[in-house]
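What follows is one structure encoded as structure tokens, with my remarks underneath.
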Amino acid sequence: MKAFVDTNVLLDVLAERGSFYEDSAAVWSLAEQGKVEGLVSAVSFTNIFYMMRRWADTATAKKAMHLLRDAFSPVACDSLVINQAIDSDLSDFEDAVQYFSALHAGADCILSRNPGDFPRRPAVPVLSPTEFLSQIEVE
């Protein structure tokens, strides 16, 4: 299964964000173990580096890049993705980039804590980490 992971889920793990951490970390572990193919937008790398450097320091941000690279496969953010994001009616541009990146990568689902920020009838199902984990356990 190809699971595209939104930046907010990745930051939940790297910043150990409260009640979101446990399920997001479980998703990360599944990707590390190869039980799911974890995909992330190439844009997530730059966004996370920037945020981690602001929250901590450059060394911490660089370590985050290694962890991210070792667990997930980056998905290209090309002109097709950018143009579709610009032309979409999604209100959040970053979420539009995430959505179209996942679509072009052939993801089976998108994991996000903000499923309402994606299309109402997405071509790729959008699940929270909790919903995803409950479905994986069933399969």
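Residues being at pLDDT 95 or above and more than 14 Å from Asp6 (Cβ to Cβ): count how many of those fall in the range 105-129.
The qualifying residues number 2.
Residue-wise test of (1) at pLDDT below 95; (2) touching a helix residue (DSSP H, G or I) at 6+ places or on another chain (Cβ under 8 Å); (3) crowded, with 19+ Cβ neighbours inside 10 Å.
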position	(1), (2), (3)
Leu10	no, yes, yes
Arg17	yes, yes, no
Phe20	yes, yes, yes
Ser24	no, yes, yes
Val27	no, yes, yes
Ala31	no, yes, yes
Gly34	yes, no, no
Met52	yes, yes, yes
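Please work out which one of (1) closer than 18 Å to Trp28 by Cα; (2) at pLDDT below 90 is the condition Ala102 fails and give its number.
Result: Ala102 passes all but (2).
Touching a residue at least 40 places away in the same chain (Cβ under 8 Å), out of contact with any Asp or Glu (no Cβ under 8 Å at 6 or more places or on another chain) and closer than 14 Å to Asn8 by Cβ - does that describe any residue in the range 113-129?
Checking the range 113-129: not a single residue is touching a residue at least 40 places away in the same chain (Cβ under 8 Å), out of contact with any Asp or Glu (no Cβ under 8 Å at 6 or more places or on another chain) and closer than 14 Å to Asn8 by Cβ.
Just give me the residues in the range 86-112 being among the charged types (D, E, K, R) and buried (at least 19 other Cβ atoms within 10 Å of the Cβ), in sequence order.
First, the residues of the range 86-112 that are among the charged types (D, E, K, R): 87, 89, 92, 94-95, 108.
The answer is Asp95, and nothing else.
Residues that are under 18 Å from Phe100 (Cα atoms): list the helices (runs of 4 or more DSSP H) wholly contained in the range 1-77 that include at least 1 such residues. Steps first, answer last, please.
Values: elements: 7-14, 21-32, 42-55, 58-71.
Helices (runs of 4 or more DSSP H) meeting the threshold: 7-14, 42-55.
When you go through Ala76, Ala85, Ala105, Ala71 one by one, which is the residue that is farther than 20 Å from Ile136 by Cα, touching an Asp or Glu at 6+ places or on another chain (Cβ under 9 Å) and not aromatic (Phe, Trp, Tyr)?
Being farther than 20 Å from Ile136 by Cα, touching an Asp or Glu at 6+ places or on another chain (Cβ under 9 Å) and not aromatic (Phe, Trp, Tyr) holds for just one of Ala76, Ala85, Ala105, Ala71, which is Ala85.
Going through Gly38, Gly34 one at a time, which residue ends up being closer than 24 Å to Gln135 by Cα and free of Cβ contacts under 8 Å to residues at least 12 places away in the same chain?
Selected residue: Gly34, the only one of Gly38, Gly34 that is closer than 24 Å to Gln135 by Cα and free of Cβ contacts under 8 Å to residues at least 12 places away in the same chain.
The values are calculated or read from the model by the stated rules, or taken from the named source; none is laboratory data. Since we're looking at a predicted model, the values are computed, not measured. Every residue, glycine as well, gets a Cβ built from its backbone with ideal geometry; the counts of neighbours run over all protein chains shown.
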